[in-house]
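J.: Okay, handing you the structure first.
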């Protein structure tokens, strides 16, 4: 028997004994294979990420930097950002790295207090107030930069903008032989002393070698007609030299403002001893006149109003203050402003507004407003007047079209021009929508008016009504500490449950008397409110009305229901599942990733193609004859193959 005959014999044996059993089991095996493939595709990436996850972060960051030069500086930035993880998670701060990295928010590092502002960049001028915003630039570049002498490469850098503290921090790490030298810059426009800008530079040298940092400030830059003189102030045993610059700048409407700038004289360099710290503080004091019709009139106003003397006095007071106390007083004011606010659940849908943009916009708009309720220059009479403005809430906003629907109010905020345009639009909107009295309270009133606008909240005749339409309540919202007057603050929370239905929860953080609430139509009895959240269902009325009413007068609510004329009141329907899936998962396919569904569809298609091929082969395979094994000395007789059982094949397919 030749080799060819042996191969043919083996093939006949395989087809006769093995192929039939394989055909019977192939369908179930294919089905199991498809199921296992789908499980691997869905569970595999997550399991792999879990197995290869990095170790958990340390609970604390040690002071010494022990990283080697190969990776010390890159690792230095994450370690220095670690203490800010909580506020970054709350979106009370935002970070951007140099060069930018995925996930960074490229917002402008900017500080302002409604009187003066600057961007935390070396080429930034000072900005003064004219009309609604700080849009008048002064050609004095106050920002100080430091550079390590002999550095072989530029530092690794991250910029942290702290909304809740009103501070910009710039963190730098210079890679050295064994460890990295760290430089921290802090910039702020002081909220209590409105004309004062503070820059703190701290250097940490953990190496065994002394280092020198060069400091540079451009100062006066192409300021025509400006005069410069130098002087110093002595405080205790310390002497603080400073420069006084006096000049005139022009506004956008071609008027003239007289300006005085008093700024610390910046040393050319600072020595940092081995294993030690060094710090430099630069104080800039600014004062200016109201816009005048001519250059001469503006210059006369500087002398007449004693602006130079006032600016030097503010500078002297600031350099005499303890640095930590000066910083904490400023941060405390911003934290008080930030106790009120607005929160929104994060959405993965395209072209939506999320919390990072909202908090950034709140911060930049409030940076354009002074805080007379907190400034030490506000006398008692003016303080009472500004405090009273917060109570003039009647008629502020209240449109059904809440500000979250106005896309122009939520523009990118990457340049000073972006900030000024957005802030001007906001302040103009609030002013024309009846919030002009609240704006008189400064930054406190700006925050309250912006909160009212985001929820279509409106004070009207002794009550607060929540006018957002039920169809817009497809995300979680928190309107935090809405000022009701008389030491009362109301928090309203919109929460979407697992059935995609919105519910309202109302609480009081403090109150001077009892408060009551009722839902849309006020057909149900008023409910007393307290520090614990009180639930109200979201109802739909015809014609549409507010979904919630709050007042300290129980009788007022009882009478109010007779003035709300509605034909029908019903519970608001659940939101569409596809809409909720877009917010929660970024697509309308539910909680599974899009790649999973695409893979499933492809596998199903391949599976059906394979089944069709099996059926075609069974039905159109043609006649086949098999020969039985021949007895010794005999000739094998041909055997007719069994009839094709297409019906059984189809039943098996249907069963699978």
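Read-outs throughout are calculated quantities, based only on the coordinates presented, and are distinct from any laboratory measurement. Not measured: the values here are computed from a predicted model. Virtual Cβ from ideal backbone geometry, glycine too; neighbours counted across all protein chains shown.
J.: What full-extension length gain, to one decimal in nm, is calculated for residue 613 and residue 554 as 0.36 nm per residue of separation minus the Cα-Cα distance?
T.: 13.6 nm
J.: Can you give me the distance in nm between label points at residue 406 and residue 184, each placed 7 Å from the Cα along the Cα-to-Cβ direction?
T.: Going from the residue 406 label point to the residue 184 one covers 4.0 nm.
J.: On to the next question. Across bins of 10 angstrom width beginning at 0, how are the C-alpha pair distances of the stretch 338-585 distributed, in whole percent?
T.: The calculated distribution, bin by bin, is 7, 30, 36, 21, 5, 1.
J.: What list do you get for 91, 305 if you sort them by fewest beta carbons within 10 Å?
T.: Ranking 91, 305 by Cβ neighbours within 10 Å, fewest first, gives 305, 91.
J.: Something else now. When a/c is below 1.5 the answer is rounded, else prolate if a/b is larger than b/c, else oblate, so apply that to the stretch 359-476 with a ≥ b ≥ c taken from the square roots of the Cα gyration tensor eigenvalues.
T.: oblate
J.: For the stretch 304-404, what percent of Cα pairs sit more than 20 Å apart?
T.: On the way: 3149 of 5050 pairs.
Result for the distance tail: 62 percent.
J.: Can you give me the C-alpha center-to-center distance between the stretch 385-442 and the stretch 290-321, rounded to a whole angstrom?
T.: Taking the Cα centre of the stretch 290-321 as reference, the centre of the stretch 385-442 is 30 Å away.
J.: Taking the number of other C-beta atoms within 10 Å as the exposure measure, put 363, 82 in order starting with the fewest. Present the calculation step by step, with values, prior to reporting the outcome.
T.: Details: 363 25, 82 15.
If I rank by nearby Cβ atoms, fewest first, I get 82, 363.
J.: If you don't mind, there's one more thing I want to ask. Which of the peptides 106-114, 608-616 is most tightly packed, and how do the rest follow, going by the mean number of other Cβ atoms within 10 Å of each residue?
T.: 106-114, 608-616
J.: Further question: Going by a ≥ b ≥ c, the root eigenvalues of the Cα gyration tensor, does the stretch 72-337 fall in the rounded group (a/c under 1.5), the prolate group (a/b larger than b/c) or the oblate group?
T.: Numbers: a/c = 1.96, a/b = 1.55, b/c = 1.27.
Prolate shape, in that a/c is at least 1.5 and a/b is the bigger ratio.
J.: Please compute the length gained on full extension between residue 510 and residue 579, using 0.36 nm multiplied by the number of residues separating them and subtracting their Cα-Cα distance.
T.: Gain in length upon complete extension: 21.2 nm.
J.: Among 432, 539, which comes first, second and so on when ranked by fewest other beta-carbon atoms within 10 Å? Before the final figure, lay out each step's value.
T.: Values: 432 9, 539 21.
So the ranking, lowest neighbour count to highest, is 432, 539.
J.: Moving on to the next point. Work out, step by step, the length gained on full extension between residue 351 and residue 232: first 0.36 nm times the residue separation, then minus their alpha carbon distance; give nm to one decimal.
T.: Extra length available between residue 351 and residue 232 comes to 37.4 nm.
J.: Taking R0 as 51 Å, what's the FRET efficiency between residue 212 and residue 305 from their Cβ-Cβ distance, rounded to 0.05?
T.: For R0 = 51 Å, the calculated efficiency reads 0.75.
J.: Further, regarding this structure: Could you bin all the Cα-Cα distances of the stretch 239-382 into 5 Å bins starting at 0 and give me the percent of pairs in each, rounded to whole numbers?
T.: Spelled out per bin, shortest first, that is 2, 7, 11, 12, 15, 14, 13, 10, 8, 5, 2, 0.
J.: I would also like to ask the following. Taking the mean number of other Cβ atoms within 10 Å as a proxy for protection, how do you rank 123-130, 264-271 from highest to lowest?
T.: 123-130, 264-271
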